[in-house]
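In what follows, a structure is listed as structure tokens, so that the remarks can point back to it.
The values are calculated or read from the model by the stated rules, or taken from the named source; none is laboratory data. The shown structure was predicted, so the numbers you read here are calculated from the model rather than taken from an experiment. Cβ coordinates were reconstructed from backbone atoms using ideal geometry, including for glycine residues, and neighbour counts include every protein chain displayed. Note: areas computed on protein heavy atoms with side chains; ligands, DNA, RNA excluded. Shrake-Rupley method; radii C 1.70, N 1.55, O 1.52, S 1.80 Å.
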Amino acid sequence: MSKILVTGGTGYIGSHTVVELHNAGYTPVIIDNLSNSNIQILDQIEKIIGIRPEFHQFDLCNEAKVKAFVQENPAISGIIHFAASKAVGESVEKPLKYYHNNFFSLINLLNAYQGKNINFVFSSSCTVYGEPDSLPVTESAPVKKAASPYGNTKQIAEEILEETAGAYNNYNFIALRYFNPVGAHASALIGELPIGVPQNLLPFITQTAIGKREKLTVFGGDYDTPDGSCIRDYIHVVDLAKAHVAAIRLLEKGNPNGGYDVFNVGTGNGYSVLEAIAAFEKASGQKLNYVVGPRREGDIIQVWGDVTKSSEQLGWRAELGIDEMMASAWAWEKYLKENPIG
Ligand code: UD1
């Protein structure tokens, strides 16, 4: 069976993708430096799929280690590259850390595969669209100036892939532009593990409901949206993981669109923050303590994706709705209370 390298495979999206690769008959091989994840996630993956995936702990910024790994693992036919720093606020405070980690790792991987036929799926983000001019946003919408160094690393990385595909013919790239990944595996054995105070909405909601946080602040209630709060396209992490398997399959068949292609990965539906809270309360049976507070600087007002291209060309479509997203996120938070990780 094809071996697929999953960098960042013990992280939130990476771990779910390892499980879905296994379910689809692939052999996932993980590289992770555990900078933002926990080794116990390997045990959790093993509980779900029944085998322990091959795991290598090192930093992809170490060029010599990347080269040695590639030489010693010639059977790898595809890469799903998640490993990257991803905290928007931290990237504003430490831009060099973000440019160093996110680019050196990518370039080391690409260099190590020069001349070798390789399928490569890159973790990009809808953040490249900024505040879109029209909704739902399609892949051909203009890329707007990035609001943070983190966002800029995603934009520049996409350009690096496109230019690399144009210059050499051994790389086959797909960039997946994720909307807002939420939820957890149906087993509640893996899910999002934020370090410190969560910046993203869903972990903040579930931590508030379980009593780790006193209350959630809704960032802004006076936007020009139907209920005044911001709108996002939340996507279940298991659906998102399956989109990576679909991308690997398309690359194996030979993507008709050539050596570099990009797809939106969302549900195509937008939910406001207040609607997300209501959906959580319904799915969990918990009343959430929240207040509507001031806007968060840099927030996009509303974004949701056009997923026509993904459904027609990638052969993938989200199957799980907001109720499953909320119920699984809540089940994971309750699991963590009984079985702390880290
Ligand atoms: C954020 C990043 C984005 C990144 C994505 C990764 C910013 C400005 N954007 O997107 O670049 O790709 O995470 O997952 O940080 N909210 C609250 N209260 C909270 C937390 C969030 O009301 O305590 C609201 C936000 O204002 C937003 C929505 O919930 O409207 C979703 O927020 P979040 O989960 O942080 O995601 P994004 O802002 O979409």
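All but one of (1) assigned to a loop (DSSP other than H, G, I, E, B); (2) of a type outside the set (F, W, Y); (3) under 18 Å from the mean Cα position of the chain (by Cα) hold for E297, so report the exception by its number.
Result: E297 fails condition (3) only.
Here are H16, H56: which of them is surrounded by 16 or more Cβ atoms within 10 Å (Cβ to Cβ) and closer than 19 Å to K242 by Cβ? Let's see the steps before the verdict.
Details: H56 fails: closer than 19 Å to K242 by Cβ.
So the residue among H16, H56 that is surrounded by 16 or more Cβ atoms within 10 Å (Cβ to Cβ) and closer than 19 Å to K242 by Cβ is H16.
Do we have any residue at all in segment 242-252 that's more than 10 Å from the ligand (Cβ to nearest atom) and free of Cβ contacts under 8 Å to residues at least 12 places away in the same chain? Steps first, answer last, please.
Within segment 242-252, the first condition is being more than 10 Å from the ligand (Cβ to nearest atom), and the residues that meet it are 242-252.
From what is left, the residues that are free of Cβ contacts under 8 Å to residues at least 12 places away in the same chain are none.
No, every residue in segment 242-252 fails to be more than 10 Å from the ligand (Cβ to nearest atom) and free of Cβ contacts under 8 Å to residues at least 12 places away in the same chain.
For segment 31-65, how many residues meet the condition of being over 22 Å from P340 (Cβ atoms), of a type in the set (V, I, T) and under 19 Å from the mean Cα position of the chain (by Cα)?
Of the residues in segment 31-65, 1 are over 22 Å from P340 (Cβ atoms), of a type in the set (V, I, T) and under 19 Å from the mean Cα position of the chain (by Cα).
Of all residues in segment 276-303, count the ones that are modelled with pLDDT of 95 or more, within 11 Å of the ligand (Cβ to nearest atom) and either touching a Lys or Arg at 6+ places or on another chain (Cβ under 6 Å) or open to solvent by 40 Å² or more (accessible area, probe 1.4 Å) (or both).
The number of residues fulfilling the criteria is 9.
Is it the case that some residue within segment 309-325 is crowded, with 19+ Cβ neighbours inside 10 Å, farther than 30 Å from G78 by Cβ, within 21 Å of the chain's Cα centre (by Cα) and modelled with pLDDT of 95 or more?
Yes; the residues of segment 309-325 include at least one that is crowded, with 19+ Cβ neighbours inside 10 Å, farther than 30 Å from G78 by Cβ, within 21 Å of the chain's Cα centre (by Cα) and modelled with pLDDT of 95 or more.
When you scan segment 83-97, do you find a residue that is within 16 Å of the ligand (Cβ to nearest atom), charged (D, E, K, R) and buried (at least 18 other Cβ atoms within 10 Å of the Cβ), even just one?
Taking every residue of segment 83-97 in turn, at least one turns out to be within 16 Å of the ligand (Cβ to nearest atom), charged (D, E, K, R) and buried (at least 18 other Cβ atoms within 10 Å of the Cβ).
Return the residues of segment 147-179 that are within 16 Å of the ligand (Cβ to nearest atom), open to solvent by 10 Å² or more (accessible area, probe 1.4 Å) and without any contact (Cβ under 8 Å) to a residue 60 or more places away in the chain; say none if nothing qualifies.
Within segment 147-179, P149, N152, K154, Q155, I156 meet the criteria.
Quick check on my filter: what residues within segment 180-200 are open to solvent by less than 40 Å² (accessible area, probe 1.4 Å) and either assigned to a helix (DSSP H, G or I) or more than 9 Å from the ligand (Cβ to nearest atom) (or both)?
Listed by number, the residues that qualify are G183, A184, H185, A188, L189, I190, G191, E192.
Any residue at all in segment 119-142 that is more than 22 Å from G11 (Cα to Cα), modelled with pLDDT of 95 or more, assigned to a helix (DSSP H, G or I) and open to solvent by 10 Å² or more (accessible area, probe 1.4 Å)?
So far as segment 119-142 goes, no, none of its residues is more than 22 Å from G11 (Cα to Cα), modelled with pLDDT of 95 or more, assigned to a helix (DSSP H, G or I) and open to solvent by 10 Å² or more (accessible area, probe 1.4 Å).
Taking E252 as meeting all but one of (1) in contact with a Lys or Arg (Cβ under 9 Å, 6 or more places away or on another chain); (2) in a helix (DSSP H, G or I); (3) closer than 27 Å to N119 by Cα, write down the number of the exception.
(1)
Mind counting the residues in segment 300-331 that are more than 23 Å from Y12 (Cα to Cα) and assigned to a helix (DSSP H, G or I)?
5
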